[in-house]
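Take a look at the structure below.
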Amino acid sequence: MLRALRGPRVSNFFSSAGLFSPRVIGVRDYKVQGNDLRKGDLVDIKGRVLEVVKTGFCKTGARGTAYTQLELRDVVTGKKKEDRVRTNEGVECYSTEIKEASFLSLDLTGKFVQGKPEGTATFELEDEVEGEDEVTISADRLPWPAMYYAEEFDEIKLSFYDEDKFYNIKVPDRVTVKVTKSDRIGNTAGTVTIENGRKITVPAHVKEGDYIVIKTANEEYMTKTSNM
């Protein structure tokens, strides 16, 4: 059976008609049709929790069965796969919750696993989850290199399902940082070191002491700024 996990959203028509009657499993459980799945929903296929990345429509033959085509991401491994459900198939849905959080600490071992740092990050939650106001998340489930700039984030949102199970994090797509050292020879484009020790490639006009804006997803230089 395919289960989708997300915040409450049930068509009044379907619920009033009794086609998809809610039943309680975990947090909140109800059903929607396959063609009502959308980006960001979570589905459970054979015990694996997968996030819907993209949806589409397909049909087998001129008078064949209509399907919702799904591009999915495993919330634990990050790997993507494809699947499909009939457009009129009842899909079980669960509530999800987004929590505001603040970064507390990053504890890395110095080793890397499949290109990601090994270790953990700890966050303080604005609202408690299952009586806890802090949550520690394995580094391999976090976005890199963005997390190297966690101390600069003014907003962090953590997503949970089934009350206390973490599955996603949203962080700012850009940050402002200070250039602490120039590694270039002469007035040329090249590499500089910023305050957290990371090295960034910048244009020739950027010098030591400047503040620059970079993209957190790939550490790409965007612009120089005088605002902090």
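The values are calculated or read from the model by the stated rules, or taken from the named source; none is laboratory data. Just so it is clear, the structure is predicted and the values come from calculations on it, not from any experiment. Please note: Cβ atoms are built from the backbone with ideal geometry, for glycine as well, and neighbour counts cover all protein chains shown.
Laid out as a table, the results:
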| quantity | calculated |
| --- | --- |
| Residue check, Glu97 surrounded by 14 or more Cβ atoms within 10 Å (Cβ to Cβ) and among the acidic types (Asp, Glu) | yes |
| Any hit, region 133-141, residues being part of a strand (DSSP E or B) and buried (at least 18 other Cβ atoms within 10 Å of the Cβ) | yes |
| The lone exception for Asp127 - which of (1) within 14 Å of the chain's Cα centre (by Cα); (2) farther than 30 Å from Asn35 by Cα it fails | (1) |
| Selection within region 119-132 - surrounded by 15 or more Cβ atoms within 10 Å (Cβ to Cβ) and either acidic (Asp, Glu) or under 17 Å from Lys170 (Cβ atoms) (or both) | Ala121, Phe123, Leu125, Val129 |
| Residue in region 195-203 that is in contact with a Ser or Thr (Cβ under 9 Å, 6 or more places away or on another chain), at pLDDT below 90 and basic (Lys, Arg) present | no |
